[in-house]
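Structure first, commentary second.
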């Protein structure tokens, strides 16, 4: 159970309700031409990244090696999320595949830029652009 | 804004310390980010810096939670925010086994495993907040301190 204490003059405690998950990640898959598109919404961190990883692994296991990860709905991403994307890229590369990103939002572009991963992944402004329409 | 931070002469309040204890579970990382974001806004940071602080604290807190898990420690990790006149510092304190930090560690592209040399996590924190300090605690574990400058009045 999480607790918050405010020091200095006043002190009160807030507790997170039991069983309430304050962050979540939704990953939906669809097909656009010969590409598999993963639409990701929410926050990608150490807790939620496995869900994205699982979807990417599933696609590769199904023989889908042209993958677009749409991050437009992502409001937060940390190094675990980046590592998940890198892991996905390595998987598709083993089959001469492609893993492209769709992203125009600052939180994700910032961490991609700082780590230089914006030069590793193709990054597009839209799914249409990513699938070559 | 709390009364303690309001002054008739318009001087910026400082000296507050806020603390949150979080059980070492990854599902609570969102809470850590909420705390960091709200404290950063309260300290007057611009929104871009607020988002950067959330990233840095999430990286540090994630590492702390991982360290507790690896060592089988059930104790909570602690986030402590210190609001000073010119700066905001958020400490992330764990009781794990600790790690060695090499200055100017370069990030690599393999999936990160904590804030060790070459991890993306440390690369991110250092790039966002060059003033970051990472020290071993006297008793156990590490403290990662992230400091942001408050905008001038």
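Find how much the distance from residue A:119 to residue A:28 grows on full extension, using 0.36 nm per residue of separation minus their present alpha carbon separation; answer in nm with one decimal.
Stretched fully, the residue A:119-residue A:28 segment lengthens by 30.2 nm.
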Solvent-free Debye scattering, log10 I(q)/I(0), computed from the Cα coordinates of segment A:29-133 at q = 0.11, 0.22, 0.23 Å⁻¹: -0.27, -1.23, -1.36
Taking every DSSP bridge whose two residues both lie in segment A:29-133, the antiparallel percent to the nearest 5 is 20
Find the centroid of the Cα atoms in segment B:39-93 and in segment A:75-117, then give the distance between the two in whole Å. 24
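With both bridge residues required to lie in segment A:28-84, what share of the DSSP beta bridges run antiparallel, to the nearest 5%? Provide the component values of the computation, followed by the final result.
Details: 5 of 13 bridges.
Antiparallel bridges: around 40 percent, rounded to the nearest 5.
Rule-based calculations on the coordinates, nothing more; no lab input. Everything numeric in this text was worked out from a predicted model, so none of it was measured.
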